[in-house]
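Every read-out reported here was derived from the displayed coordinates using simple, explicitly stated rules and does not represent laboratory data. Everything numeric in this text was worked out from a predicted model, so none of it was measured. Cβ placement follows ideal geometry from the backbone for every residue including glycine, while neighbour counts extend to all protein chains displayed.
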Amino acid sequence: MKLLSHADGKYVIRLDSREHDALLAAIGLRSHLPRARRSLTADTAVEPGLRAAQGDLDNALSEHRQELTTSIEKLLGNPEKVATQGKGKVLTLTSDEINLVLQGLNDVRVAAWERLGCPDFDQGQRPEVNQENFLCLWTIQATDLFQSFLLAVLTGETDDV
């Protein structure tokens, strides 16, 4: 991954074919790694008002996730935004579009982390790699790399990446 230029509010980023394929694979895992349901009522007695609010929350989160998926698919499928160059791809994105991709990457990263049981990596909790969790661990590593690069692009710190 390489930032080619940044001018007039547009970032031009080059990905080789493997990086582009990995980005699409990571984003594509959003449909295979659903997020855990967030409960408003887990620690309280269930009241009718809370049940209704829980339903509203579930619907809003589902709609947001679908809108995010649609927006990312449209963005990454737009030939004006993603062009083939040699064996790689060149992405021409605004900061809002980069933030959209970051949201999608974060969503799939958190879903993989939840599926692993929410380990505290900072405290040294490292799940042993096995056939059941390999995809989740790969997802976390891949999304970390893409997120780090894209955040560096937005903050102007790409020399450090």
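A compact table of results
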{"item": "For the chain, size of Cβ-based charge dipole, Lys and Arg +1, Asp and Glu -1, in debye", "result": "460"}
{"item": "Alpha-carbon gyration tensor eigenvalues x 5, square-rooted, for the chain, Å", "result": "32, 20, 14"}
{"item": "Listed peptides 96-105, 60-69, 130-139, 115-124 by packing density, highest first (mean Cβ within 10 Å)", "result": "96-105, 130-139, 60-69, 115-124"}
{"item": "For the stretch 46-72 versus the stretch 90-161, the gap between their alpha-carbon centres in whole angstrom", "result": "24"}
{"item": "Nearest 10 degrees, 0 to 90: helix 17-28 Cα axis against the chain principal axis", "result": "20"}
{"item": "Exposure proxy ranking, count of Cβ atoms within 10 Å, fewest first, for R14, R109", "result": "R14, R109"}
{"item": "Value at 222 nm in deg cm²/dmol, rounded to 500, when DSSP H runs of n ≥ 4 in the chain each add -39,500 (n - 2.57)", "result": "-18000 deg cm²/dmol"}
